[in-house]
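The values are calculated or read from the model by the stated rules, or taken from the named source; none is laboratory data. Since we're looking at a predicted model, the values are computed, not measured. Here Cβ is always computed from backbone atoms with ideal geometry, including for glycine, and neighbour counts include all displayed protein chains.
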Amino acid sequence: MLHIENLHASTAGTEILRGVNLDIAPGEVHAIMGPNGSGKSTLAHVLSGRPDYEVTAGSVTYNGVDLLALAPEERAAAGVFLAFQYPVEIPGVGNLYFLRTAVNSIRATKGLDPIAVTTFIKMADKAMDAVEMDKSMKNRSVNEGFSGGEKKRNEILQMTMLEPTLAILDETDSGLDIDALRIVANGVNALRSPERSMLVITHYQRLLDYIVPDKIHVLAAGRIVRSGGKELALELEASGYADIEAELASKGATA
Amino acid sequence: MTRTGSTCDLPRCSTCRLPSVRHADSHGLTAEALATLAPDLGGFRLVFANGHLVAELSTMPDPGSGVTVASLASVLATDPDRLEPLFAGRTAPADGMAALNLALADDGAFIHLATGAHADAPIHVVFCTTDVGHPVLASTHSLVVADPDSSATVVETHIGVGPLAGAACANAVTRVVLAPQATVHHYTVQDLPDTAFHLGVVDVIADHDSTFTAHTLSLGAAIARHEVRVHLDGDGADATVTGLYQPAGNQYHDHPVLVEHNTTNCTSRQIYNGVLDDHGHGVFNGRIMVAPAGMGTDATQSNRNLVLSDRAEVDTRPRLEILADDVKCAHGATVGQLDETAVHYLRTRGIPEPAARGMLTYAFATEMVDRIGPPALRAWAAQLVADRLGAVLGDDGPPPDANPDAGTGTGTGTGTGTGSVHTEEVTP
């Protein structure tokens, strides 16, 4: 489904990704862990098409298509979804209006008619119940004045409504208390299916207790330095990233 | 009787040969055409075509009721004594266009609210420019007189049936006189064809404990200058002067605003927002003038601008002149562009870039649409603003919390960038 090969990317003249290779098969959930500054969020931004990140080498193929050649909205239409680490506040744009515009924009690219308002509201109500979101959030401005947990739930609500085939969750656990973490994880788990792949980016092992991945990769200094099964998370939890960083430092010293 | 292309016939101006029309007919303005240009706000309505009343499209209250809505010309003809105190003893207007207006205007709206009278529905004054085949200068002089404890909402709509063959210029002066405890909410919606010229003045005298709001939407015209002057002459009077301008193409929208605090304990808010695109040029030239007697003044002024094009231009001059020492005044201005992270966020949800930009731009403008009280006017204005910005309105309506205490401004001066806009503050 997703094939990343030798991906190099930089922002503001600094190279962050230095040759990332990754393969995700349909239905698989992969986790990317790593220390701060290792390039985890950069990878998420590059996959979403953020304009201030420049891909300098490598390729990303998604369902046989060159993902990097697509505009962000085309990636969304193709089924790629990024749950932001810091969801953007948009004053003056109603949450439900935004969501319906998004759903209908994607439907339009598939030649489908817009969803009727009443049908849409029913769907949204159900999805909001699933992530235990207060109904008052429907008509509030997108993310404006939302707490950290509410913003993350709103991301999962959008993901539920947009039904992506590749969901990228960028530190969705950051800033969440244990209850919010459980709610968000339940929302994510409800979306697991044989056709849908997920890339879960996290700093902590904690999230992976709730969203159990098929594979875990460790990203450090812009490369994937270790891959393994879900037991790798426990290993990292015990040893921390210090070993990996020390290892990299010694390599850097000998290089 | 129709005399086209005549010059005005006042003695003073007999040689000025200004183009005007002195029709008694409707200038081709039909009820059907009007219905597509301006909404029915449910109240009394005066319709003027090129400065002259179109009686058959107007609805007026019965004579003798507490609310008078009539044409100035008809009052002048039947009851001139009623107008005498409103014109006698006034010094000549300082600016040329206002003087010209006084010389040339032979009609306009006359709205009088008797003591304690309340107009339930908005009173709609429609000024329509139509194509008469030659250049036209339509000069109207309107009066809104609110006696003690009365209240009304007055909506002034400037529209036109385009395209216009010759140059068309509307020179509209509206004077508002508020007695103690009177309330007038005045709206101006200027949506003229982009070839027309608009010169508007709203001049207000507010007595003690009266409340006045002026809300201006500048959308159309090639060059529009819409001035609001409020003289707070009575203790405890309150004024809110707000507006939205969105020049695009080669449009020029100029907004001189003056609020004078001439006595004690008056409050005023000025809030103007601008969206500037293409070669559009917007001006906010706002002044708060606190006279030596203006103790206890509480006045703020804010101007925020969203610049969408690198060829657009905005001049912002929020100014304070304070001659009293016990005052609370604040002012500020910002100029910014759309927040690119917000554009990206919308695009990652599948919303194409032009729609995403339109959505964010409308979100910036909507704050000024949401300040409109009458629902029918608000819905119409929302559509006009969205159409001009190329945005698509949702039928879910605007978010309810997007209406921050409509009618009164926020208290702090230096404009903070709400809306998805990256702003730079302008030091006045």
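Of everything in the range A:147-170 that's hydroxyl-bearing (Ser, Thr, Tyr) and outside any helix (DSSP H, G or I), which residue is farthest from the other protein chains (Cβ to nearest Cβ)?
First pass over the range A:147-170, keeping only residues hydroxyl-bearing (Ser, Thr, Tyr): A:147, A:160, A:165.
Now narrow it down to the ones that are outside any helix (DSSP H, G or I): A:147, A:165.
Values: A:Ser147: 15, A:Thr165: 13 Å.
Among them, the one singled out is A:Ser147.
Is there a residue being among the hydrophobic types (A, V, I, L, M, F, W, C), more than 14 Å from chain B (Cβ to nearest Cβ), out of contact with any Pro (no Cβ under 6 Å at 6 or more places or on another chain) and not in a strand (DSSP E or B) anywhere in the range A:37-52? Talk me through it step by step, then tell me what you get.
Quick first cut of the range A:37-52, residues among the hydrophobic types (A, V, I, L, M, F, W, C) only: A:43-44, A:46-47.
From what's left, more than 14 Å from chain B (Cβ to nearest Cβ): A:43.
When the remaining residues are screened for being out of contact with any Pro (no Cβ under 6 Å at 6 or more places or on another chain), the result is A:43.
Restricting the remaining residues to those that are not in a strand (DSSP E or B) gives A:43.
Scanning the range A:37-52, I find at least one residue that is among the hydrophobic types (A, V, I, L, M, F, W, C), more than 14 Å from chain B (Cβ to nearest Cβ), out of contact with any Pro (no Cβ under 6 Å at 6 or more places or on another chain) and not in a strand (DSSP E or B), so the answer is yes.
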Problem - Every pair of residues 6+ apart whose Cβ atoms lie under 6 Å, when the first sits in the range B:357-379 and is without any contact (Cβ under 8 Å) to a residue 60 or more places away in the chain while the second is of a type in the set (S, T, N, Q) - result: B:Asp370/B:Asn403
Handout entry: Check on B:Ile322, modelled with pLDDT of 95 or more, over 20 Å from the mean Cα position of the chain (by Cα) and away from every other protein chain (no Cβ under 14 Å)
Key = yes
Problem - Single unsatisfied condition, B:Asp131 versus (1) free of Cβ contacts under 8 Å to residues at least 40 places away in the same chain; (2) in a loop (DSSP other than H, G, I, E, B) - result: (1)
Handout entry: Flag if B:Asp233 is surrounded by fewer than 22 Cβ atoms within 10 Å (Cβ to Cβ), in contact (Cβ under 8 Å) with a residue 24 or more places away in the chain and of a type in the set (Asp, Glu)
Key = yes
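Would you be able to tell me the number of residues in the range B:233-256 that are hydrophobic (A, V, I, L, M, F, W, C), in a loop (DSSP other than H, G, I, E, B) and in contact with a Cys (Cβ under 8 Å, 6 or more places away or on another chain)? Spell out the reasoning first.
Step one: list which residues in the range B:233-256 are hydrophobic (A, V, I, L, M, F, W, C), which gives B:237, B:239, B:241, B:244, B:248.
Now restrict to residues that are in a loop (DSSP other than H, G, I, E, B): B:237, B:248.
Those still in the list that are in contact with a Cys (Cβ under 8 Å, 6 or more places away or on another chain) too: B:237.
Qualifying residue count for the region: 1.
Could you grab me the full set of residues in the range A:171-193 that are assigned to a helix (DSSP H, G or I) and not small (Gly, Ala, Ser)? Walk me through how you get there before you give the answer.
So the first thing to find is which residues in the range A:171-193 are assigned to a helix (DSSP H, G or I), and the list is A:178-190.
Within the range A:171-193, A:Ile178, A:Asp179, A:Leu181, A:Arg182, A:Ile183, A:Val184, A:Asn186, A:Val188, A:Asn189 meet the criteria.
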Practice task
Please work out if B:Leu178 is at pLDDT 95 or above, under 21 Å from B:Ala73 (Cβ atoms) and either aromatic (Phe, Trp, Tyr) or over 13 Å from the mean Cα position of the chain (by Cα) (or both).
Solution key: no
Exercise for the section: Kindly provide the set of residues from the range A:5-20 that are closer than 12 Å to A:Thr42 by Cα and acidic (Asp, Glu), ordered by number. Expected result: A:Glu15
Handout entry: Subset tally (residues that are outside any strand (DSSP E or B) and among the hydroxyl-bearing types (Ser, Thr, Tyr)) for the range A:129-146
Key = 1
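Hey, any hits in the range B:368-379 for a residue that's farther than 21 Å from B:Asp277 by Cα and modelled with pLDDT under 90?
No, that holds for no residue.
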Exercise for the section: Write out, first by first residue and then by second, each pair whose Cβ atoms fall under 9 Å of each other, whose residues are 6+ apart or on separate chains, and whose first residue, in the range A:85-106, is more than 7 Å from every other protein chain (Cβ to nearest Cβ) and surrounded by 24 or more Cβ atoms within 10 Å (Cβ to Cβ) while the second is among the small types (Gly, Ala, Ser) and assigned to a loop (DSSP other than H, G, I, E, B). Expected result: A:Phe98/B:Gly394
Handout entry: Residues being over 17 Å from B:Val290 (Cα atoms), part of a loop (DSSP other than H, G, I, E, B) and not hydroxyl-bearing (Ser, Thr, Tyr) - total across the range B:194-232
Key = 7
Practice task
Please indicate, with yes or no, whether at least one residue in the range A:53-63 is closer than 22 Å to B:Thr341 by Cβ and either facing chain B (nearest Cβ under 9 Å) or in a helix (DSSP H, G or I) (or both).
Solution key: no
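This table checks each residue for (1) more than 10 Å from every other protein chain (Cβ to nearest Cβ); (2) at pLDDT 70 or above.
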| site | (1), (2) |
| --- | --- |
| B:Val343 | no, yes |
| B:Arg357 | yes, yes |
| B:Leu360 | no, yes |
| B:Arg388 | yes, yes |
| B:Thr412 | yes, no |
| B:Thr423 | yes, no |
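Is it true that A:Ala71 is within 11 Å of another protein chain (Cβ to nearest Cβ), buried (at least 17 other Cβ atoms within 10 Å of the Cβ) and farther than 30 Å from A:Ser136 by Cβ? Please lay out each step first, then the result.
Values: within 11 Å of another protein chain (Cβ to nearest Cβ): yes; buried (at least 17 other Cβ atoms within 10 Å of the Cβ): no; farther than 30 Å from A:Ser136 by Cβ: yes.
Judged against the criteria, A:Ala71 is not a match.
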